[in-house]
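Each reported figure results from applying straightforward, stated rules to the coordinates on display, with no laboratory input. All of these numbers come straight from a predicted model, not from anything done at the bench. Methodologically, a virtual Cβ is constructed for each residue, glycine included, from the backbone with ideal geometry; neighbour enumeration extends over all protein chains shown.
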Amino acid sequence: MRIVRGRLLHWPNNNWRLPEYLEDGVMLIEAGKIMKIGPVRAFVEQGLDLAGAEYYPGHLILPGFIDPHLHFPQIDVMASYGAQLLDWLNDYTFPQEAQYADAEFAQVAAESFISLLLKNGTTTAFAFGSSHATSVEALFAEADRHNMRMVAGKVLMDQNAPENLLDTATTGIAESEALIQRWHGKGRLGYAITPRFSATSSELQLRAAGQLSARYPEVWVQSHLSENRAELNWIQQVHPSYGDYLATYEDNGLLHRKSLMGHCIYLSESEIERFAKAGAVAVFCPTSNLFLGSGLMPFQALKEAGISLGMASDVGGGTSINLLETLADAYKVCQLQGYSLHPYEAFHAITRGNAAATELDDSIGSFQVGGEADFVRLDPEQIPLVARRLGGEVSLRDELFVYMTLGDERLVVETTVDGRAVYQSETAA
Ligand code: GUN
Ligand code: ZN
């Protein structure tokens, strides 16, 4: 059993305006689950002995961060100079992904990838693999070793990419199904059927992916949608018989409540309406959209249209795996469109919001009793400028805003997964 005492913050009602903040709170953790949470005085009144508690005054404890869109084989693609999406894929990304055909390479990379996630406070991720089943095997095995919640999928891609990365409509689906049967629901792992985007899948493959999705309704679908203007033109050339980009997924059974679509920058009014109706999730990837020069995702407009939203790093188009730094750019992208993303909304997004969008909020994303004990502990003293900025009387809103604007991995002093501290910084008090 662990008793953790400190400043606890989460969104038990899944309403970003209504956080629960326990200035001096206690969590009781047993067998990877949160057994009890409340203010310290409630525990004292009930006669619980807090002598053995881990006590972190000044630190802020939040549910583990959830990244609903990033690419495992792209950690070494980050910071590749000078290209927008399509050239970036061809010149940098595809050559890197080719290496993940090698099981040993993939296994070593999986160790680095997961240790990077944990160091940054990310306890759950939705990851694209490469088109090789080996990449996903390696990632699942490594996540399982940490008892970490991880959803991943082998990229489906049967056209318009280098030969050594292509599957076929038949082999791609067969490999995906074998991975589902082997890994989906094993421990804390889950599968996502992963057509890369419509340009690199034939109609036959998209249709087969949709049929697979219908056979496994509890499995997620992840892909990309409407990210870049040149991409939009290309999709039209590759799939001229479809009404628009969205229809390439929609008409093939790939657009539903379990579908996570990265980017969604240039959706038409009709696409927005159909997307909302399908209950699919639009995943905002601000650092990637800025870095690749893709454009400004209309976050507020999509939200007002009733679309469920996610907030993600999109490594390696993204420039940071850290979700605090992701929020910094989310704020700026929204500012450019006249919307000031509230710090509560921002931190809700990377915890409870992403959990709800992915239908995992019964298990993760908050400190509910019976929920899985994944959390992150932030220490403002680790960054001198942050400590200085928080020197006077600062509201919770402003404290969070400082973390998302000036924060980075240094703030993360502990990451707990399944009740166990799987990462502790060397300087952690
Ligand atoms: N569209 C198709 N593939 C990719 C990818 O790997 N990254 C991003 N950002 N967009 C894509
Ligand atoms: Zn992506």
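Per-residue 3J(HN,Hα) values for the stretch 213-223, derived from phi via the Karplus relation 6.51 cos²θ - 1.76 cosθ + 1.60 with θ = phi - 60°, read 4, 5, 6, 10, x, 8, 8, 7, 10, 9, 6 Hz in sequence order (x marks Gly and Pro). Between the stretch 284-361 and the stretch 208-228, the C-alpha centres lie 21 angstrom from each other. Spherically averaged projected area of the convex hull of Cα atoms, the chain: 19.6 nm².
Quick check on my link table: of 119/303; 33/119; 303/332, which ones sit more than 25 Å apart, alpha carbon to alpha carbon?
On the way: 119/303 31 Å; 33/119 21 Å; 303/332 17 Å.
Long pairs (Cα-Cα over 25 Å): 119/303.
The three principal axes of the Cα atoms in the stretch 340-429 give end-to-end lengths of 38, 35, 19 Å, sorted in falling order. Sorting 192-201, 209-218 by their mean Cβ neighbour count within 10 Å, with the most densely packed peptide first, gives 192-201, 209-218. Remark on residue 313: its backbone amide H falls under 5 Å from those of 69, a criterion applied only to residues 5 or more positions apart or on other chains, H modelled at 1.01 Å from N. Close amide H contacts of residue 130 (hydrogens built in the peptide plane, cut-off under 5 Å, sequence separation of 5 or more or a different chain): 135, 136, 155. Once you've got the GNM for the chain with C-alpha springs shorter than 10 Å, pick whichever of 397, 149, 410 has the biggest mean-square fluctuation. Sorting by GNM fluctuation, first place goes to 397.
Amide hydrogen proximity for residue 196: with H placed 1.01 Å from N in the peptide plane, the residues at 5 or more positions away or on another chain lying under 5 Å are 156.
Net charge within 12 Å of residue 77 by Cβ-Cβ distance, Lys/Arg positive one each and Asp/Glu negative one each, not counting residue 77 itself? Net of charged neighbours comes to -4.
To the nearest 20 debye, what charge dipole does the chain have about its Cα centre, counting +1 at the Cβ of each Lys and Arg and -1 at the Cβ of each Asp and Glu?
Working: 31 positive and 53 negative charges, 166 e Å.
Charge dipole of the chain: 800 debye, to the nearest 20.
Within the chain, what percent of beta bridges assigned by DSSP are antiparallel, to the nearest 5? Present the calculation step by step, with values, prior to reporting the outcome.
Values: 27 of 61 bridges.
Antiparallel bridges: around 45 percent, rounded to the nearest 5.
Per-residue packing, averaged as other Cβ atoms within 10 Å, sorts the ranges 35-44, 132-141, 273-282 into the order 132-141, 273-282, 35-44, beginning with the highest. Residue 357 sits among other residues whose Cβ lies under 14 Å from its own Cβ, and their net charge, with Lys and Arg +1 and Asp and Glu -1, is -1. Decide, for the stretch 271-348, between rounded, prolate and oblate: order the square roots of the alpha carbon gyration tensor eigenvalues as a ≥ b ≥ c, take rounded if a/c falls under 1.5, and otherwise choose prolate if a/b is larger than b/c, else oblate. Note, shape of the stretch 271-348 comes out prolate.
Ordering 409, 45 by the number of other Cβ atoms within 10 Å of each residue's own Cβ, fewest first, gives 45, 409.
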